[in-house]
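This report concerns only the one structure given below.
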Amino acid sequence: MTESPRPFDMVIVGAGFAGMYMLHRARGMGLDALVIEAGTGVGGTWFWNRYPGARCDVESMEYSYSFDDDLQQEWEWSERYAGQPEILRYAEHVADRFDLRSGIRFDTRVTAAHWDEGAGRWTVRADAGDAVSAQHLVMATGCLSAAMTPAIPGAERFAGDTFHTGRWPHEGVDLTGRRVGVIGTGSSGIQSIPVIAEEASELVVFQRTPAYTVPARNGPLDPAEAEAIKADYGKLRAADRLMPTAFGSRVPRRDEGALQADDDDRLAEYEARWDRGGFTFLGSFNDLLLDPAANETAAEFVRGKIRGVVQDPEVAERLAPSQVIGCKRLCIDTGYYETFNRPHVSLVDLRETPIEGITPTGIGTTAGHHDLDAIVFATGFDAMTGALARIDIRGRDGVALRDAWAAGPHTYLGLGVSGFPNLFTITGPGSPSVLTNMIVSIEHHVDWISDCVAHLRAHGHRTIEATFDAQEEWVDFVNSVAGLTLFPTCNSWYLGANVPGKTRVFMPLPGFPTYAETCAQVAADGYRGFALG
Ligand code: FAD
Ligand code: NAP
């Protein structure tokens, strides 16, 4: 460590889509900015999640940057939903195109960031290299980047290989002819299980909660469709920003309640959207996430599809979810339910027969032992707050962020935290974030932060900090909006329910357009709710 850390105008933690665009904007404003990234390359989610079958579930023409027209005109996606290798290539292309790598310190994990009251700056320390100091600290650490492997007794004694989908080996894994167990049936499990089944000699799926999944209907992207979008790309981007989820405007939500439609009409709507594939299924009617009876019509439709595909009625019943559809993030799959018709694939329902432990040769449940050569943990992430909590972030008076958030994350707009001056969180809790097309939310936050920093500099301010009152009012607002929906009714990662001991609070804010309007108004009002020093 040097005695006086090198000063930067802005330090950005993370080089996923958020950190990359933040660096580009910061440089464009003439700031001296540095990105610190734990991985050895750019791309964040798409750098780490290299499991078989990984791909986006928002269509690629929408799940991509919009900030540079030449970029969006020139880049060509090969599939409707691009796979992880292609999305990573895109991130690498963006890094090269805008010369971002020169501003990124790779292979370096930030361990601590302390606010220095006297200097009015952040001191940032990492597991490698010298400490640096920053006037503005931007956390682009990702909402789904802190991988979680459950503490199952005996795991350390397993003689085979273990993998987490979110930390998949870069050199790939050959599962040909091996007996594989997959724990977890969220999006990562549902994407990887059909592909692993192609290779493995035997596949045992350990399911705790069945998930709802809708077919992706993935395939080569029709060049004519791509061309039509590119002819007026701005129109699609603008229309998407008016959608609650910031994508899907080409198949808008039907502006009617599910129970207002008669039975035939309702079924036809579900069938049409099931055939089209993807998330637009949840836009069949406008009350699916508001009214339990409306939701049940969509849930039962999917359960009917499961019964239609899965040949063994007992397996079909185990795969049929009972929670509200959409309460946990909807999954989008390719051949998931069909995989359970294959003779070498079996399903263990952990609600009936829980795991007792991992042994040197496999996984033991209350019903018996499964001999395995490899275990895949598709067990998810400590979402939204995990990556921040793993850093020792201390604001005014040495208060630790993880203590300030012990009862759940408190932010103002999901962008700032009272007591933590000049700290910004991209897609932080309290913003629409993971309920949206994340690239839209990322661009929105980066643009807002850039404008805010420009405003501070233009007016000679050195600090900005959310006021406590504005923050608490915002938290109450987020809770009240979530309380109007069916989101809080199940054990989802949106609530932190997947992390033992984590306080249960619904973390994101439903509804992108209203939120974006609020952020614009806050800025127009001279950063109302923030104290400028
Ligand atoms: P990330 O991509 O997570 O990047 C954060 C970076 O910060 C990481 O590289 C990490 O290494 C780094 N970092 C974290 N902590 C530290 C530290 N202490 N020190 C240094 N570096 C650190 N969203 C969608 O909208 N559509 C999709 O189709 C979609 N598909 C997804 C598929 C998967 C498998 C997963 C896991 C998520 C998906 N998401 C999707 C969400 C996805 O995370 C976002 O779309 C987006 O990629 C997030 O970008 P980010 O830059 O905010 O975060
Ligand atoms: P996840 O949705 O949290 O799913 C984790 C799974 O592991 C769940 O089925 C969970 O069961 C199970 N699990 C966790 N701990 C367990 C334990 N101790 N014993 C048994 N089972 C356990 O995580 P994910 O699948 O990685 O997805 C996270 C998010 O990343 C997604 O919701 C999505 O936003 C994003 N993602 C997107 C895509 C895509 O399609 N583009 C792909 C992957 C990820 P419970 O449900 O019972 O907790």
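Of note:
- Treating each Cα of the stretch 175-225 as one equal point scatterer and applying the Debye formula with no solvent, the log10 of I(q)/I(0) at q = 0.20 Å⁻¹ comes out as -0.74.
- Both radii come from the Cα set of the chain: Rg as radius of gyration, Rh as Kirkwood radius; their ratio Rg/Rh reads 0.96.
- Relative contact order for the stretch 118-165, counting Cα pairs under 8 Å that sit 6 or more residues apart, in percent: 24 percent
- Cysteines of the chain lacking any other cysteine Cβ under 4.7 Å from their own Cβ: 56, 143, 331, 452, 519.
- Measuring nothing but alpha carbons in the stretch 203-333 and taking Rh as the Kirkwood radius, the Rg to Rh ratio lands at 1.01.
- Considering every alpha-carbon pair of the stretch 87-231, the percent of pairs per 5 Å bin, from zero through the bin containing the longest distance, is 2, 6, 10, 13, 13, 13, 12, 12, 10, 6, 2, 1, 0.
- Relative contact order [Cα under 8 Å, 6+ residues apart], the stretch 1-121, whole percent: 31 percent
- Entry comment: accessible area of the stretch 362-512 is 34 Å² per residue, from protein heavy atoms only and a probe of 1.4 Å.
- Overall, the accessible surface of the stretch 282-359 at a probe of 1.4 angstrom is composed of carbon and sulfur to the extent of 53 percent.
- Angstrom value of the Kirkwood radius, inverse mean 1/r, which spans all Cα pairs in the stretch 444-487: 12.7 Å
- Using the alpha-carbon positions of the stretch 357-401, Rg (one decimal) and Dmax (whole number) come out as 19.0, 54 Å.
- Of the residues 84, 501, 143, the one whose Cα sits farthest toward the positive end of the charge dipole of the chain, with +1 on the Cβ of Lys and Arg and -1 on the Cβ of Asp and Glu, is 501.
- The stretch 76-136 - Debye-derived log10 I(q)/I(0), Cα point model, q = 0.12, 0.19, 0.21 Å⁻¹: -0.51, -0.81, -0.87
- The alpha carbons of the stretch 109-157 occupy a box of 49, 22, 18 Å along the principal axes, longest dimension given first.
- Scaled radius of gyration (Cα, divided by 2.2 N^0.38 Å) that the stretch 251-318 gives: 1.14
- When the convex hull of its Cα atoms is projected in every direction, mean area for the stretch 255-388 (nm²): 11.1 nm²
- Proximal lysines relative to residue 502, as straight alpha-carbon distance under 20 Å, when same-chain residues fewer than 8 apart are discounted: 328
- When you work out D = kT/(6 pi eta Rh) for the stretch 1-130 at 37 °C and 0.692 mPa s, using the Kirkwood radius from C-alpha pairs as Rh and the Stokes-Einstein form, the result is 205 µm²/s.
- Averaging the sequence gap over all C-alpha pairs within less than 8 Å and six or more residues apart, then dividing by the number of residues, gives the chain a relative contact order of 19 percent.
- For the stretch 423-531, fraction of C-alpha pairs farther apart than 24 Å, in %: 29 percent
- Neighbours of residue 479 by Cβ distance under 15 Å: Lys/Arg scored +1, Asp/Glu scored -1, total -2.
- Three semi-axes of the equivalent ellipsoid, the stretch 384-464, Cα gyration tensor, whole Å, largest first: 21, 19, 9
- Where GluC sites (Glu not before Pro) fall in DSSP loop in the stretch 92-200, at most 14 other Cβ within 10 Å: 117, 171
- Translational diffusion of the stretch 138-201, µm² s⁻¹ [Kirkwood Rh, Cα pairs; Stokes-Einstein; 37 °C; 0.692 mPa s]: 239 µm²/s
- Dipole magnitude for the stretch 315-449: computed about the Cα centre from +1 point charges on Lys and Arg Cβ and -1 point charges on Asp and Glu Cβ, it is near 340 debye.
- Remark: C-alpha extents of the stretch 321-429 on the principal axes read 59, 33, 23 Å, sorted largest to smallest.
- Rounded to the nearest 20 debye, dipole of the chain from Cβ charges on Lys, Arg, Asp, Glu: 1000 debye
- Shape analysis of the stretch 152-252 yields a ratio of the Cα radius of gyration to the Kirkwood radius, Rg/Rh, of 1.13.
The values are calculated or read from the model by the stated rules, or taken from the named source; none is laboratory data. If you're wondering where the values come from, they're calculated on a predicted model, not measured in any experiment. So basically every Cβ, Gly included, is an ideal-geometry build from the backbone, and we count neighbours across all protein chains shown. Ligands, DNA and RNA are excluded from the accessible area calculation, which covers all protein heavy atoms including side chains. Shrake-Rupley method; radii C 1.70, N 1.55, O 1.52, S 1.80 Å.
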